[in-house]
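Here's the structure we're looking at; comments come further down.
Every number in this text was worked out from the coordinates using simple rules, so none of it is lab data. Everything numeric in this text was worked out from a predicted model, so none of it was measured. Positions of Cβ are backbone-derived with ideal geometry, glycine not excepted, and every protein chain shown enters the neighbour counts.
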Amino acid sequence: MMQMARGAIHIKGFVFKGLTIAATAVIVAMLVLVVGNIVLNGHQQLSWGFFVKAPEMGMTAGGIFPAIFGTVALVLLMTIAVVPLGVLTAVYLHEYAKPDSRVARLIRVAVGNLAGVPSIVFGLFGLGFFIHFIGGGIDKFLLGGEVAWGQPAIIWASLTLAVLTLPVVIVSTEEALRAVPDDYREASLALGGTKWQTIRKIVLPHSVPGILTGSILAVSRGAGEVAPIMFTGAAYFLPYLPTKLNDQFMELGYHIFVMSTQSPDIEGTKPILYGTVLVLLILTFVLNLLAILIRSRIRMAQRRAR
Amino acid sequence: MKPAKDKVMSTAEDEKESTDMLEEQRSSGEKTGMPPTAEKNRGSDRTKMSVEHLNFYYGETLALKDVNLSIRENHITGLIGPSGCGKSTFLRTLNRMNDIIPRTRLEGRVLLDGTDIYQQNIDLSVLRRRVGMVFQKSNPFPKSIFENVAYGLKVGGLRDRTALEEKVEKALKDAALWDEVRDKLHTSALQLSGGQQQRVCIARALAIQPEVILMDEPASALDPISTAKIEELIQDLKKDYTIVIVTHNMQQAARASDYTAFFLLGEVVEFDETSNIFTNPKDKRTEDYVTGRFG
């Protein structure tokens, strides 16, 4: 009897282990399928011309340079907006607000909820708030009704993305601030440093790797989002590159959406579509890799100390 | 720093007095008209800090009960007592480091050269430049040795490179560390040994030339040789600084300090010259503690 019971337990353990392995295998298989499919179908597209040319002949030929340019510009503007805002908020929450104050707790809950809002909602918010309210307001009160800012534009799209990625920056910055030993803060204050000096000279430098990681995560999240920019600035096709903040722009993710759903000749765009997906994938991988590299380099430098 | 709005002021008679009061005092110490030697000699019986009817609360818990102490200039005052008796808390009331702990409250007065450091409008940066501190766990910044020692000077507004270099060198010499680190001032302080790191922290505190130095068990985490070096150093510092030191180690207190206060459950049981505390205690509890019967 004993032997049998032990045997049953062993079998259960064996089955459970098998389940975990099977689940992992499914994930790996999915990843290989997705990436493999894209690389196989997309790699022959990758030529110099594909990167530097604009789409031609109803997107069935040419390249995707405007979309790459637009993506980079969009993400750059977004970073300029989101990093200072997110870092300042995190500094307030962690360094100035009392640790258990109701306000701080409320803000944290709000930030957490912001992260859970579907991205299409941000798109509509951007349309209503940035374009109609702010942009329209500028046009009405400063430009006397001439439409310059109250229309989809790269500035509004990047600000919308900034709102979307704000939680990423706030949470990772707060984590980084939490990792700064209180010993350092106390030592700085005990040497006559003010709170501001302590934050500027001790706390923030020590948090740079965490802040940078958060920023790059935000960038790679922002670069992959389509819904928030659909209404706020991304264009189906543009014969020129955006040069002003209120220009529209082309973007990789949106370009993929457009080619796969809106194109008059879906079969004809397929090779280019695969190529574009591959480029977006590579861009995201490279960004993440960059984040990891920068972070580990700063950590090593910190260990060796300045 | 936040203003000490939740501190209860008992007899803050000079509430209108401005922030500059501490600063003025600091500079006027040097121009009292007396030659420096006379100042030194007179300093030996002078009270540098005095604590009157001090109560301290963490939330609702009373951590210090009616503490009265006076700290003599250019002497070493040792604080002994079992863990949790409030000696570290007391030490941190002397430069208002407890202000950064939420939900704490203080009653009574702490005077530095006659000025209540808990009155309103006290500039905490100035106070802490006059009353420096060395912590139990050595906590050099993850910066170079030079940057560590120069930190207090820089946040105090000193920019001149030559002056910084001179002061850093002097502080490291005073902390008996110069010969060991003179060739590697720009390497990380974290690469030094534990004892050297603690001396960097002492040098860092000395660099801003405080008048009082608070030390919270500065040698507790160190090996015997480093401990001996730090103890020797503290004796040397006595001629220029007033020192208050918390210690767990009875022999260290007996060897190092001129006056000793015995803390128990937030109260000062006995405060006297060190020799009296250790050889002729008046209170039974002090005797039990110093003879090792508990604690």
Please get the size of the charge dipole for chain A, origin at its Cα centre, with Cβ charges of +1 on Lys and Arg and -1 on Asp and Glu, quoted in debye to the nearest 20. 1380
Just rank A:Lys195, B:Lys65, fewest to most, by other beta-carbon atoms within 10 angstrom. B:Lys65, A:Lys195
Across the Cα atoms of the protein assembly as shown, what radius of gyration and what greatest pairwise Cα-Cα distance (Dmax) are found, in Å? 32.8, 103
Have a look at the DSSP beta bridges in the protein assembly as shown and tell me what percent are antiparallel, nearest 5. 60
Distribution of pairwise C-alpha distances over the stretch B:130-268, 10 Å bins, in %: 12, 44, 32, 10, 2
Would you mind ranking A:Glu251, B:Glu270, B:Glu107 by Cβ crowding within 10 Å, fewest neighbours first? B:Glu107, B:Glu270, A:Glu251
Ordered by residue, what ³J(HN,Hα) values in Hz, to whole numbers, does the stretch A:226-232 give under the Karplus form 6.51 cos²θ - 1.76 cosθ + 1.60, where θ = phi - 60° and Gly and Pro are x? 10, 3, x, 9, 4, 8, 10
Listed with the fewest Cβ neighbours within 10 Å leading, A:Val26, A:Val169 appear as A:Val26, A:Val169
If amide hydrogens are placed 1.01 Å from N in the peptide plane, which non-local residues have theirs closer than 5 Å to the one on B:Thr104? B:Gly59
Over the stretch A:46-305: Kirkwood hydrodynamic radius from C-alpha pairwise inverse distances, Å: 20.2
